[in-house]
Amino acid sequence: MIIGVDEVGTGALAGPICVGAAIAPNDVPNWNLGVRDSKKMSRESREAACIRMKALGVKTAVGWSSSAEVDTYGMRISLQMAASRAIERVCRQIDPAEPISLLIDGNWDFNIKGAFTVVKGDATVPVISAASVVAKVARDKLMIALSKKYPAYGWEKGVGYGTEQHLRKLYSVGPCVHHRVSTRTLQAYLLQEKEKYLEEAFSIKPV
């Protein structure tokens, strides 16, 4: 049994990391699901692909690592946790005695035994493409939902990445609880605010 694994959200400034895992049933011919690298598909085509996969019996799951976990543990460990959660969830849907192999996009091996990495696998290996699409759809839906609570950042379009609107609002209104304050951009913001505070503090003349 081959499980495809891919992540989305590692380059975002806000929101969780999401790792997708996918297993195709043996009777799906040639993985004719209309999936490819999720970044090259429209939102509508990704959502339609998820519907097709479900109808064909493709088993999928996602695992998450929150922005707080990224700040606390760093990117690599957070990815490992999200991947382990996704793989554990998708494996609940199959016979536990079934031997499995993992095909993981890129060069993140997550320190998981039996895992093989495939550079650009989301564009060349259908089972990885399926995992990529599942993760992208799940994370986008979450960020769009969060945008209704935090409308200033434009997450309904930028889904937490460093878009112009997101950065402008970040610098004008500051970060929220879903921002990854460990990222370089946000560290620069926090430093800027610290310098601003010190400047204002030292400009106050004693009475």
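Taking one quarter of the surface of the C-alpha convex hull of the chain gives a mean projected area of 13.4 nm². Would you mind checking the tilt of helix 43-55 against the longest principal axis of the Cα atoms of the chain, expressed as 0 to 90 degrees and rounded to 10? Value to nearest ten degrees: 40. For a test of the definition: using alpha carbon positions, the gyration tensor, and the 1.5 limit on a/c, classify the stretch 34-92 as rounded, prolate or oblate. Because a/c hits 1.5 or more and a/b fails to exceed b/c, the stretch 34-92 counts as oblate. In order along the stretch 10-18, phi translates into HN-Hα couplings of 5, x, 7, 8, 9, x, x, 7, 10 Hz, rounded to whole numbers, per the Karplus curve 6.51 cos²θ - 1.76 cosθ + 1.60 with θ = phi - 60° and x for Gly and Pro. Dipole magnitude for the chain: computed about the Cα centre from +1 point charges on Lys and Arg Cβ and -1 point charges on Asp and Glu Cβ, it is near 420 debye. Extension gain, residue 54-residue 39: 0.36 nm per intervening residue step, less the Cα-Cα distance, totals 3.4 nm.
For the stretch 117-131, 3J(HN,Hα) computed residue by residue from phi via the Karplus equation (6.51, -1.76, 1.60; θ = phi - 60°) reads 9, 9, 5, 6, x, 5, 9, 10, 10, x, 5, 6, 4, 4, 5 Hz, glycine and proline entered as x. Surface composition of the chain: carbon plus sulfur atoms hold 56% of the accessible area, using a 1.4 angstrom probe and ignoring ligands, DNA and RNA. Amide H to amide H distances under 5 Å link residue 161 with 13, where only residues 5 or more positions off or on other chains count and H is placed in the peptide plane. A 1.4 Å probe over all protein chains sorts 2, 87 by accessible area into 2, 87, starting with the largest.
Distance from the alpha carbon centroid of the stretch 53-71 to that of the stretch 142-198 works out to 24 angstrom. Phi angles of the stretch 143-158 translate, via the Karplus equation with coefficients 6.51, -1.76, 1.60 and θ = phi - 60°, into HN-Hα couplings of 5, 5, 5, 5, 5, 6, 8, 10, x, 5, 8, x, 5, 5, 10, x Hz per residue; Gly and Pro are given as x. Averaging the sequence gap over all C-alpha pairs within less than 8 Å and six or more residues apart, then dividing by the number of residues, gives the stretch 66-168 a relative contact order of 13 percent.
Rolling a 1.4 Å probe across the protein heavy atoms gives the chain an accessible surface of 55 Å² per residue. The C-alpha atoms of the chain define a longest principal axis, and helix 184-202 lies at about 10 degrees to it. Residue ranges 178-186, 135-143 sort as 135-143, 178-186 when ordered by packing (mean number of other C-beta atoms within 10 Å per residue, highest first).
The values are calculated or read from the model by the stated rules, or taken from the named source; none is laboratory data. Just so we're clear, the structure is a prediction, and the values are computed from it rather than from any experiment. All Cβ positions, glycine included, derive from the backbone under ideal geometry; neighbour counts span all protein chains shown. Accessible surface areas use protein heavy atoms only, side chains included; no ligands, DNA or RNA. Shrake-Rupley method; radii C 1.70, N 1.55, O 1.52, S 1.80 Å.
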